[in-house]
1. Per residue, how large is the accessible surface of the chain? Use a 1.4 angstrom probe and give square angstrom.
2. If you put +1 on each Lys and Arg Cβ and -1 on each Asp and Glu Cβ, how big is the dipole of the chain around its Cα centre, in Debye rounded to 20?
3. Multiply the residue gap between Met33 and Val20 by 0.36 nm, knock off their C-alpha separation, and tell me the result in nm, one decimal place.
4. Quick one: pull the percent of accessible area on the chain belonging to carbon and sulfur, 1.4 Å probe, ligands and nucleic acids left out.
5. Calculate the FRET efficiency for Ile174 and Lys125 from the Cβ-Cβ distance with a Förster distance of 41 Å, rounded to the nearest 0.05.
6. Can you list the HN-Hα couplings for region 175-187, worked out from phi with the Karplus curve (6.51, -1.76, 1.60; θ = phi - 60°), rounded to whole Hz and with x for Gly and Pro?
7. Given a cut-off of under 8 Å on Cα pairs at least six residues apart, what relative contact order in percent is computed for the chain?
8. What residues qualify as long-range amide H neighbours of Gly213, i.e. H under 5 Å apart, gap of 5 or more or another chain, H built at 1.01 Å from N?
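The values are calculated or read from the model by the stated rules, or taken from the named source; none is laboratory data. Worth saying up front: this structure is predicted, and the values here are computed from it rather than measured. Cβ sites come from the backbone with ideal geometry, for glycine too, and all protein chains shown count toward neighbours. These accessible areas exclude ligands, DNA and RNA; they are computed on the full protein's heavy atoms, side chains included. Shrake-Rupley method; radii C 1.70, N 1.55, O 1.52, S 1.80 Å.
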Amino acid sequence: MNSFILGMDSQNVQKVIIGVFSLAAFALLWELMAIYVNNSFYLPRFTNVASAFFKVIQSAVFLNDVGISLYHFLIGFFFALLIGVPIGMAMGWFPILDKIFNPAVEIFRPIPPLAWIPFAIIWLKLMHQAAGFIIFMGMVFPIIISTYSGFKNVPRIYVEAAKVLNSATPSKLIRNVAIPAASPMILSGIKTAMGVGWMCLAASEMFGVSDSGIGYKIWFYYGIQAMDHVVVYMLILGFIGLFMDFFFRYFIQNRILKWQKGTVV
């Protein structure tokens, strides 16, 4: 532990220390407010939530809930990429396809994903695919829009330079020019879509699209007024979402977009 701290620069050490103290202050404030309220249904005590948290994460049911929720998320994420990226590419690169797809996209895009819950239940019943469908509806439009914007704003000079270098065919222009130039915006859109999809995951599982998962457990424990467990599963959603965001950011910045570091002065 000492070697880890010594390996950090002073700025990072200060950031960690401030973060720890802020969390401790928040926990203390939470505990004091809960004692003042004196009603665990309205506000469970931090110590009770912490105790319930360690009990939950040690149970086999917890791993099953997390696994099911991640499975729901991956279903929606996979199909959102499979459909959203090609449609966005087509709309951004070919004006005629933009005219064809744009009206439908603009009509369906403002519809809240949760509005599709009745049809998800009718079409797919209480199956994993129903929750995946709601997540898909939350993710696909941010991916379409970001991909469309990325392809639409490819600098014309890049295209002209590629033509001079004998990359004039549409497939070569898309592969060698458009995709690299648009990738930062596409990946930024995917990151945004992941956050929207994670919120849709909890809501879809809570409101009847699934009979299992983290969101379902939040609604279940609310029903039996075990609010400390409700907060536990809320925190679990937050921790997993934070980990996914950190992993995606690290993977994108240090792997896929590492070439951008050379442009920073």
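1. Numbers: 16140 Å² over 265 residues.
Per residue, the chain has 61 Å² of solvent-accessible surface.
2. On the way: 17 positive and 10 negative charges, 177 e Å.
The dipole of the chain has a size of about 860 debye.
3. So the extension gain works out to 2.7 nm.
4. On the way: 11470 of 16140 Å².
Percent of accessible area from carbon and sulfur atoms in the chain: 71.
5. Values: r = 40 Å, r/R0 = 0.96.
Rounded to the nearest 0.05, the efficiency is 0.55.
6. Listing the rounded values in order: 6, 9, 10, 5, 5, x, 5, 8, 4, x, 6, 4, 5 Hz.
7. Working: 279 pairs, mean separation 59.7, N = 265.
23 percent.
8. none
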